[in-house]
Amino acid sequence: MPEPLPRVGHIDFLNVLPLAYGYVHGGADGLAIERGVPAVLNSDLIAGRLDVSNVSSILYARHADKLHILHGPCVSTDGAVESILLLSRKPIEEIEDDRIALTAKSATSHALLKIILRSGYGAVPTYNVQSLSVEHPIPEDATAALFIGDDALYLYHHASPSLYVYDLGAEWKKLTGKKMVYALWVASRRFAEQDTASLARVSRAIRESFAYGLAHKDAAIRSVLGEKPFTYEELDHYLGGVIHWDLTEEYLDGLRTFYELAARTGLIEKAPELVFAGA
């Protein structure tokens, strides 16, 4: 029997469109790609149903004993992110013990919002995870709502002018002066330690798929225009300068700060040591 293919998770948001484009143009050959939202892939990786995946960066902090970080890729920004937004009926400075609705799609954005509101504004709201819609973004019984991904990017361009809109990447930069890492590519510790050849193959496929997608960014954007509610100019701006994908030392510094503040806020037990696959 042939050996099973490495099981690789893929969060199919526009912030990794270059990778997705590379995958469909040969980069995923020899991989078993599983697509899903961050919360689902986070769970699948920890449960052993995936070998490698891009996951919410907070997941690594909560399961560092089971995961190794892949060298190179991440999803990050230096300031505004455009696709993680807090929409509010009142100015953020006036939020206190209000009720805030959270998207169920991501854990990092939950932690980031709680850090920003507590450390930046002294607010300790009540949070409720629930389904949200771009048509009616803030539930009637809530003061504000947190959106991520393509829904947030749509609202960045089309939110009602009657609402206050806060970009959490910009808020993080204002609070800390640091860059922010929202997602990492990680491998299960078992896979990283027991199948180093397959790990190297997956890492190479991710790097080469990203490189292919970035080299063909124009074609990648045009490939989704008919199915996504964005203009070419909006996506070119988003993918051409807002989102970054290289996990450099400056971004690692921002990641460590995120973990330190998450620990101080009680969202994780402690800031983890960063352990890299193949290190």
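Some observations on this one:
- Residue within the stretch 246-266 that is under 21 Å from the mean Cα position of the chain (by Cα), over 29 Å from residue 146 (Cβ atoms) and loosely packed, with under 15 Cβ neighbours inside 10 Å present: yes
- Residue check, residue 243 of a type outside the set (Gly, Ala, Ser), farther than 26 Å from residue 4 by Cα, crowded, with 20+ Cβ neighbours inside 10 Å and not assigned by TED's automatic domain parsing to the domain that holds residue 104: yes
- Which listed residue, of 212, 127, 156, is surrounded by fewer than 23 Cβ atoms within 10 Å (Cβ to Cβ), assigned to a strand (DSSP E or B) and not small (Gly, Ala, Ser): 127
- Conditions (1) surrounded by 23 or more Cβ atoms within 10 Å (Cβ to Cβ); (2) farther than 12 Å from residue 88 by Cβ; number of the one not met by residue 147: (2)
- Each residue in the stretch 215-235 was checked for being of a type outside the set (Asp, Glu), part of a helix (DSSP H, G or I) and surrounded by fewer than 20 Cβ atoms within 10 Å (Cβ to Cβ), and 7 pass.
- Which listed residue is among the acidic types (Asp, Glu) and at pLDDT 95 or above, from 234, 227: 234
- Selection status of residue 240, of a type in the set (Gly, Ala, Ser) and touching a Ser or Thr at 6+ places or on another chain (Cβ under 8 Å): no
- Sub-9 Å Cβ pairs linking a first residue in the stretch 125-143 that is farther than 13 Å from residue 87 by Cα to a second residue that is in a loop (DSSP other than H, G, I, E, B) and among the hydroxyl-bearing types (Ser, Thr, Tyr), at least 6 apart or interchain, are 125/143; 129/103; 130/103; 131/103, ordered by first then second residue.
- Looking across the stretch 170-187, the residues that are buried (at least 24 other Cβ atoms within 10 Å of the Cβ) and farther than 20 Å from residue 274 by Cα come down to 171, 172.
- Single residue of 50, 70 found to be surrounded by 17 or more Cβ atoms within 10 Å (Cβ to Cβ) and not in a loop (DSSP other than H, G, I, E, B): 70
- Cβ-Cβ under 7 Å pairs, at least 6 apart or on other chains, the stretch 2-29 side in contact (Cβ under 8 Å) with a residue 60 or more places away in the chain and within 26 Å of residue 229 (Cα to Cα), far side assigned to a loop (DSSP other than H, G, I, E, B) and not acidic (Asp, Glu): 11/37; 14/228; 15/83; 15/243; 21/216
- Meets criteria (among the basic types (Lys, Arg), in a loop (DSSP other than H, G, I, E, B), in contact with a strand residue (DSSP E or B) (Cβ under 8 Å, 6 or more places away or on another chain) and surrounded by 17 or more Cβ atoms within 10 Å (Cβ to Cβ)) for residue 114: no
- Of all residues making up the stretch 4-47, the number that are of a type in the set (D, E, K, R) and either assigned to a loop (DSSP other than H, G, I, E, B) or at positive phi (or both): 2
The values are calculated or read from the model by the stated rules, or taken from the named source; none is laboratory data. Every value quoted in this text rests on a predicted model; they were computed, and no experiment measured them. Note: ideal-geometry Cβ built from the backbone for every residue, glycine included; neighbour counts use all protein chains shown.
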